[in-house]
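Reading through the structure tokens given below for one structure.
The values are calculated or read from the model by the stated rules, or taken from the named source; none is laboratory data. No experiment lies behind these values; they were computed from the predicted model shown. For neighbour counting, all protein chains shown are included, and Cβ atoms are generated from backbone atoms with ideal geometry for every residue, glycine included. Surface areas here come from the heavy atoms of the whole protein model, side chains and all, with no ligands, DNA or RNA. Shrake-Rupley method; radii C 1.70, N 1.55, O 1.52, S 1.80 Å.
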Amino acid sequence: MIHIYSGDGKGKTTAATGIAIRAAGAGMLVCFCQFLKNGTSSEIALLRSIDGIKVSCCEECNKFTFEMNDEERSAVLKRHNEMLSEAKNIIEKASADMIVLDEFFGAYNTGLLDRSCAEYLVLNCPENIELVLTGREPAQIFCEAADYHSEIRSIRHPYENGLPARRGIEY
């Protein structure tokens, strides 16, 4: 089953983290892959401490995509493709019950992962594996394939008034 958490609002990663914790609590094996983030977000430490959850992040990603130079983009692309390959292997071996691809749509939309591989992985994921995808502006191909699609819409956010992201709240 394919789950999508999309939109411009705060809470997509939080929702994906919650469903991963719920699945692990039910005895399911979870692979949590976080694209475009280097593993320093507060939820990652907790996820790594939970039996049944394996976490992969992109340690090479230390800037927003629009700030990256060609060398940095290349390193992030390489790591993202490794993470996609890990997810594909997990699917082929049925070695997890749930795979979370957090910030998947951001990586896809900015060309920081192999799009054909990403599409193949999503469109050929067996129904007995829960595949959770998050990010802004999912391509229609993914929306049409989704079994669940929740859109998180921003109505108000302190960032709009100049308040920077806060540890434990936004990251």
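A quick yes/no check of all residues on (1) surrounded by 14 or more Cβ atoms within 10 Å (Cβ to Cβ); (2) under 12 Å from the mean Cα position of the chain (by Cα); (3) free of Cβ contacts under 8 Å to residues at least 12 places away in the same chain:
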| site | (1), (2), (3) |
| --- | --- |
| GLY9 | yes, no, no |
| LYS12 | yes, yes, no |
| THR17 | yes, yes, no |
| VAL30 | yes, no, no |
| PHE35 | yes, yes, no |
| THR40 | no, no, no |
| LYS54 | yes, no, no |
Task: Qualifying helices (runs of 4 or more DSSP H) (wholly inside segment 99-159; at least 1 residues being among the basic types (Lys, Arg)) - done: 115-123
TODO: Being among the charged types (D, E, K, R) and under 14 Å from the mean Cα position of the chain (by Cα) is the filter; apply it to segment 91-118 and report the residue that is most open to solvent (accessible area, probe 1.4 Å).
DONE: GLU103
- [ ] Go through segment 20-41 residue by residue and tally those that are out of contact with any Phe, Trp or Tyr (no Cβ under 7 Å at 6 or more places or on another chain) and outside any loop (DSSP other than H, G, I, E, B).
- [x] 10
Task: Given (1) under 24 Å from ILE53 (Cβ atoms); (2) surrounded by 10 or more Cβ atoms within 10 Å (Cβ to Cβ); (3) more than 18 Å from the chain's Cα centre (by Cα), index of the condition HIS157 fails - done: (1)
Open item on the list: Residue under question is VAL76, and the condition is that it be in a strand (DSSP E or B) and either touching a residue at least 40 places away in the same chain (Cβ under 8 Å) or not polar (S, T, N, Q) (or both); does it hold?
Closed with: no
